[in-house]
Amino acid sequence: FIPLNSVKDELRHVPQNIKEKIYKGEYVELIHMIPKSPSSNEKEKRFVIVEGELVLKSPETRKINDIETWTSAFITFSSIIVSRNPGQAQSLLKYMHLIRTGANRQGGSGWKTYDEQFRYRKGVNTMLEWGEVDNELWLLYMQPVKPYPNLAESKTLYCFNFNYKAICTRPNCKYLHKCLTCKGSHPHVMCFRSRDGHTNVRNPTPRLANPRSLYPPTVRPGNPRYMGPRPNAY
């Protein structure tokens with residue numbers, strides 16, 4: 001026969017003053033829901049060597065940094081609430097599922113900030129429901145974390161003479177000689193990017209913006225279109 005522990009036995013590690021705050025709907029740190037290890041003593045200071053000197057250092061404060069530890073703490077937190085108000089059980093389960101879903105989608109620590117901020121607001125406004133999503137906090141902290149842009153790629157500058165004139169006469173040009181559209185080795189004026197994502201080169205002959213401006217006008221003898229000075233008819 002294996003004796004089963006009651007809920008009260010499982011909550012003995014939570015100080016009574018913390019329980020009273022939870023009963024009143026006040027904000028508490030969930031780390032108080034996690035039992036302390038027998039060897040840990042938060043008030044005990046230890047001597048450590050820092051940069052060659054012996055320093056008396058206080059122990060680090062316990063923190064919740066992962067979703068599994070948070071889940072264990074929130075289950076204890078919920079048990080304290082349900083012991084006085086059983087009707088909150090469904091809402092608390094929905095809230096726990098919400099935080100765990102956000103942690104899996106978001107990929108950072110926004111879920112932790114969402115939980116802290118929501119419980120802060122819950123402590124001020126007890127009319128808030130556990131099962132309702134706070135849209136403002138969700139947009140701020142539960143959106144997926146976007147990767148930072150590649151700084152090396154974002155600072156790349158392309159040569160405009162190469163792209164728009166199909167020729168660059170700068171010696172040792174420091175700008176990139178690649179297409180602005182598809183990053184290919186041809187100029188932009190010779191590139192055609194199709195809708196299906198394939199890139200085709202248009203015309204092997206460079207298309208210049210104004211090719212006549214590069215050469216002086218020539219006049220050929222005997223040109224029927226040449227209008228030279230006419231002799232005086234008078």
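The values are calculated or read from the model by the stated rules, or taken from the named source; none is laboratory data. Everything quoted here is computed from the prediction, not taken from an experiment. Using ideal geometry, Cβ is built from the backbone for each residue, glycine included, and neighbour counts are taken over all protein chains shown. Please note that ligands, DNA and RNA were not included when accessible areas were found on the heavy atoms of the full protein model with its side chains. Shrake-Rupley method; radii C 1.70, N 1.55, O 1.52, S 1.80 Å.
Candidates in the stretch 123-178 are the residues that are open to solvent by 80 Å² or more (accessible area, probe 1.4 Å) and among the aromatic types (F, W, Y); of these, the one that is modelled with the lowest pLDDT is Y148.
Restricted to the stretch 1-36, and to residues there that are open to solvent by 60 Å² or more (accessible area, probe 1.4 Å) and among the basic types (K, R), the residue that is modelled with the lowest pLDDT is K8.
Among all residues of the stretch 104-122, there is at least one that is closer than 19 Å to I18 by Cα, without any contact (Cβ under 8 Å) to a residue 24 or more places away in the chain, of a type in the set (K, R) and surrounded by fewer than 20 Cβ atoms within 10 Å (Cβ to Cβ). Which ones in the stretch 100-117 are within 16 Å of E29 (Cα to Cα) and in contact with a helix residue (DSSP H, G or I) (Cβ under 6 Å, 6 or more places away or on another chain)? Residues satisfying the conditions are W111, T113, Y114, D115, Q117. Is there a residue in the stretch 71-83 that is in contact with a helix residue (DSSP H, G or I) (Cβ under 6 Å, 6 or more places away or on another chain), touching a residue at least 40 places away in the same chain (Cβ under 8 Å) and surrounded by fewer than 16 Cβ atoms within 10 Å (Cβ to Cβ)? Taking every residue of the stretch 71-83 in turn, none turns out to be in contact with a helix residue (DSSP H, G or I) (Cβ under 6 Å, 6 or more places away or on another chain), touching a residue at least 40 places away in the same chain (Cβ under 8 Å) and surrounded by fewer than 16 Cβ atoms within 10 Å (Cβ to Cβ). Return yes when K57 is among the basic types (K, R), touching a strand residue (DSSP E or B) at 6+ places or on another chain (Cβ under 6 Å) and modelled with pLDDT under 95 and no when it is not. Yes; evaluated as a whole, the condition is true for this residue. For the criterion of being modelled with pLDDT under 60, open to solvent by 100 Å² or more (accessible area, probe 1.4 Å) and out of contact with any Lys or Arg (no Cβ under 8 Å at 6 or more places or on another chain), P221 passes.
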